[in-house]
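Asks: Could you have a look at this structure, given as structure tokens, before my questions?
Coordinate-derived values only; no laboratory data. A quick note: this is a predicted structure, and the numbers were derived from the prediction, not measured. Please note: Cβ atoms are built from the backbone with ideal geometry, for glycine as well, and neighbour counts cover all protein chains shown.
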Amino acid sequence: MTTYTDYGSGDGVTYGAILAVWAIVLVSSLVFAAIIYVLIAIPLAALFAKAGVEPWKAWVPFYSTYTWLQLGGQNGHWVWLSLVPYGSVVTSVFLYIGMYRTGIAFGKDSGFLVLGIVLPVVWLFILGFGKDEYRPDRIAQAGYGGPLVGFGAGDGSPVPYRPTA
């Protein structure tokens, strides 16, 4: 009589390999996201400082976008739509409008917005670390509402924060 003995098919090795690949992809994605986060927060903090907004706000998730929207004269509450599927499209549109107005305050033309849409990190570095002066009165001269935070907010008086030189 012949007996059949099953010594296993190696499923444990297969599942282990899949788990290892999954872990590598997960860790790589988290590292990539952290690098992008830092690459955006550093120039955004510099931009906030130039505009009279406390730079620490650039490092707080959602609050940084909330403040960025307000700097562009938009309602910061649009940031919450980014939590809803496809709502981030609406948030992006209002952020682009705010980026256009922020560019005006730095003396940039509408073509500069294209750079902000295609390469927002480069746009932030140019405004945050460039030599252009932030003048919110240019936004009003262009016929738009001014920023809701920072220099020129509300009655036109600067906020108490002043960057240290």
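Asks: Based on alpha-carbon centroids, what's the gap between region 44-70 and region 109-132 in Å, whole number please?
Replies: 15 Å
Asks: So for region 74-125, what are the equivalent ellipsoid semi-axes in whole Å, largest first, each being the square root of 5 times an eigenvalue of the Cα gyration tensor?
Replies: 22, 12, 8
Asks: Hull surface divided by four, with the convex hull built on the Cα atoms of region 8-82: how many nm²?
Replies: 6.6 nm²
Asks: Still on this structure, please answer the following. State the answer as a single residue: which of Phe125, Pro147, Ala34 lies farthest towards the positive end of the charge dipole of the chain, with beta carbon charges of +1 for Lys and Arg and -1 for Asp and Glu, about the Cα centre.
Replies: Pro147
Asks: Something else: Cα gyration tensor of region 11-141, axes a ≥ b ≥ c as square roots of the eigenvalues: rounded (a/c below 1.5), prolate (a/b > b/c) or oblate?
Replies: prolate
Asks: Which lysines, if any, have their Cα less than 16 Å from the Cα of Lys131, not counting same-chain residues under 8 positions apart?
Replies: Lys131 reaches Lys50, Lys108.
Asks: Next question, about the same structure. Nothing charged except the Cβ atoms of Lys and Arg (+1) and of Asp and Glu (-1): what's the magnitude of the dipole of the chain about its Cα centre? Round to the nearest 20 debye.
Replies: The dipole magnitude comes to about 560 debye.
Asks: Which helices count as membrane-span-like in the chain under these terms: full DSSP H, at least 30 Å along the axis by C-alpha, Kyte-Doolittle mean of -1.0 or more? List each step's numbers first, then the result.
Replies: Details: long enough: 11-51 (59 Å, 2.02).
Result, helices passing both filters: 11-51.
Asks: At Tyr63 and Thr2, where each label point lies 7 Å from the Cα along Cα→Cβ, what is the point-to-point distance in nanometres?
Replies: If labels sit at Tyr63 and Thr2, their model points lie 7.3 nm apart.
Asks: Now a separate question. Work out how much length Ala142 to Leu81 would gain on full extension: take 0.36 nm times their residue separation and subtract the Cα-Cα distance, in nm to one decimal.
Replies: So the chain would gain 19.1 nm between Ala142 and Leu81.
Asks: So, one more: Quickly rank 60-73, 113-126 as a protection proxy: mean count of other C-beta atoms within 10 Å, highest first.
Replies: 60-73, 113-126
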